[in-house]
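**Student:** First the structure, which I've put down as structure tokens, then a few questions once you've had a look.
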Amino acid sequence: MQKIEAVNDFVIKFANINGSGSASANELVARAILRMGVPVSPRNIFPSNIQGLPTWFEVRVTERGYLGRRGGVDMMVAMNPQTWDQDVREIEMGGYLFYDSSRPLPRSRSRDDIHVIGMPLTELCNNTYSDPRQRQLFRNILYVGALAHLLDIETGEIEKLFGQQFKGKEKLLDSNIQALNVGRDYAREHLKPIGLKVERRDKVGDHIFVDGNTAAALGCVYGGATVCAWYPITPSSSVAEAFIRFTQKLRADPQTGKQRCAVVQAEDELASIGMVVGAGWNGARAFTATSGPGISLMSEFIGLAYFAEIPAVLINVQRGGPSTGMPTRTQQSDILACAYASHGDTRHVLLFPEDPYECFEMSAQALDLAERLQTPVFVMSDLDIGMNQRLCRPFAWDDSVEYDRGKVMTREALDAGSEFGRYLDVDGDGITYRTYPGTHPTKGGYFTRGTTKNAYAGYSEAGPDYVDNMQRLLRKFETAKSLVPLPVLTAARYPARFAVLFYGSTSPAMHEALDALAEHGIYLNALRIRAFPFQNEIVDFVAAHSKVFVFEQNLDGQLTTLLINEAGVRPASLVTVVHYDGTPITARFITQEIADRVARLNVHSFKEDRVA
């Protein structure tokens, strides 16, 4: 029978029951391999209930450094009877099924083209431990020990991880190491070798291993945020929680120990964005973290901030929708909701990070942009980036950089006779001067309103005043094009008729797919969009190719809609390809979709040439 054989290049997937303590055990496998110098990319796929439903943990291992999902499973650790048939179907031909053989496995529940590895985990735990909870938890550690032997993972690295996890808790440390050794020793004595191996390398370098939510929180700290108002919602809650941890260390007054920032858990999403808008009006750098349902609830205040021109940053960790949708699954499904959040004619700045490094960088940048443009700015992360740990470049910060507070009229300027109109465009870029409350006792004051006004903030329902104000907001949005991050081009090795557009968490799988396609003689230029509004470079890129594939992780092709509406791109130039089942897009999905569509387009082109 065929056997998959690979060194430092495979996918292992764990099928467990939520609440069984398996996630931390599965993470041990990923971290131990990482410590052996081999890049890994783990993803925890879990349900939105507390416990009892199926959960999966997938680990991509590849010394080539690909960090997206590949697609397919080389080894399945099947610990959940509820999902057995589904899990067995996922295994590649010649792959491996590892299971608890304490109960016999009927032949009908397996496959003839895979290799079955049985280990009596429950029986071993029952013979070793008397406490029911210990039996459950240490069953996980037993299979970690067995996998360490089968895959040649150095158990010393796992023991070091235990040492960090249970520092000062020697009893727990000793019992976990014992369970690890029981599993390893059983595998050594009873299980046959397999074709998947891990060999020590030096392929990680100086990269760090961190999740996007933690990175975004740290970006807000370094970006100068002094106010965070939030309401808990999956999958964004850990942004605020991480911000609290960082500010306790980095924002405490060295003399008094008091915090120099405010973090408020509001009673709901509407209250949290209201606090952020109020803080921004008062001159503070403020943000909230939320997800799609929160954006829906915040829309009225978002519209106020847009029309009254108040800085605010919203970190949107997207999940599956509509409504409650799939709270613990990932999508890029809030693009249109955020671009046009609120009623009326609104356009908002969106930033699209691809990994934790850009979550850090763009969260800090968003605070600058919000003040420079005096408007809400959205950082469009998602669950795949936000809640899964990923290798990325080390964060960098220049301490000499000064925050961009934008156009702020000072007391000195007012005393010198500078004309102040809160909504007066003095230089044609659409951005007006503002004052902080209390700037001057008699000058520079204005009334902040969500209703229509003239250039001096006076109430006005006159049509020309409204038109002038809306046209100025459009000029400001045009100015934003020169301030937001530029797209990133990946040029094909040879001239290419076709191209691809993508953004955010699609990036890791896309880069692997482009390499795979090139190996088969299919070359495409690729452009990663990093922000909205769209720059001219994006329009020119589309115009330079006969067809451009737009990859999105939502049903409706929301970025495609935005490109057509806002960039004037010809719809016939774009071919939308969507992936929206809630799991992160895979390199194999991208490769297959492009290969099939390029083949059809080439046949169509050939027929047209023959007719001509």
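**Student:** Between Ala491, Ala531, Ala516, which is in contact (Cβ under 8 Å) with a residue 24 or more places away in the chain, open to solvent by 10 Å² or more (accessible area, probe 1.4 Å) and out of contact with any helix residue (DSSP H, G or I) (no Cβ under 8 Å at 6 or more places or on another chain)?
**Tutor:** One residue alone meets the criteria, Ala491.
**Student:** Mind checking which residues of region 280-308 are farther than 22 Å from Lys453 by Cβ and part of a helix (DSSP H, G or I)?
**Tutor:** Gly292, Pro293, Gly294, Ile295, Ser296, Leu297, Met298
**Student:** Is it the case that some residue within region 89-99 is acidic (Asp, Glu), open to solvent by 10 Å² or more (accessible area, probe 1.4 Å), modelled with pLDDT of 95 or more and assigned to a strand (DSSP E or B)?
**Tutor:** Looking for residues that are acidic (Asp, Glu), open to solvent by 10 Å² or more (accessible area, probe 1.4 Å), modelled with pLDDT of 95 or more and assigned to a strand (DSSP E or B), one finds at least one in region 89-99, hence yes.
**Student:** Provide a single number: the residues in region 258-279 that are within 23 Å of Gln318 (Cα to Cα) and part of a loop (DSSP other than H, G, I, E, B).
**Tutor:** Within region 258-279, residues that are within 23 Å of Gln318 (Cα to Cα) and part of a loop (DSSP other than H, G, I, E, B) number 3.
**Student:** Ala462 - would you say it is at pLDDT 95 or above, of a type in the set (A, V, I, L, M, F, W, C), over 21 Å from Pro353 (Cα atoms) and open to solvent by 30 Å² or more (accessible area, probe 1.4 Å)?
**Tutor:** Spelling it out, Ala462 is indeed at pLDDT 95 or above, of a type in the set (A, V, I, L, M, F, W, C), over 21 Å from Pro353 (Cα atoms) and open to solvent by 30 Å² or more (accessible area, probe 1.4 Å).
**Student:** Is it the case that Ser381 is outside any loop (DSSP other than H, G, I, E, B) and surrounded by 22 or more Cβ atoms within 10 Å (Cβ to Cβ)?
**Tutor:** So Ser381 fits the description; yes.
**Student:** A further question follows. Name the residue, out of Ser342, Ser400, Ser418, Ser333, that is of a type in the set (S, T, N, Q), at positive phi and assigned to a loop (DSSP other than H, G, I, E, B).
**Tutor:** Ser342
**Student:** Criterion first (outside any strand (DSSP E or B), touching a residue at least 24 places away in the same chain (Cβ under 8 Å) and open to solvent by 70 Å² or more (accessible area, probe 1.4 Å)) does Asp112 satisfy it?
**Tutor:** Spelling it out, Asp112 is indeed outside any strand (DSSP E or B), touching a residue at least 24 places away in the same chain (Cβ under 8 Å) and open to solvent by 70 Å² or more (accessible area, probe 1.4 Å).
**Student:** Hey, among Tyr186, Tyr143, which residue is open to solvent by 30 Å² or more (accessible area, probe 1.4 Å), among the aromatic types (Phe, Trp, Tyr), modelled with pLDDT of 95 or more and in contact with a strand residue (DSSP E or B) (Cβ under 8 Å, 6 or more places away or on another chain)?
**Tutor:** From the options Tyr186, Tyr143, the qualifying one is Tyr186.
The values are calculated or read from the model by the stated rules, or taken from the named source; none is laboratory data. In this text the structure is predicted, and so the values were computed from the model without any measurement. Positions of Cβ are backbone-derived with ideal geometry, glycine not excepted, and every protein chain shown enters the neighbour counts. All accessible areas refer to the heavy atoms of the entire protein, side chains included, with ligands and DNA or RNA removed. Shrake-Rupley method; radii C 1.70, N 1.55, O 1.52, S 1.80 Å.
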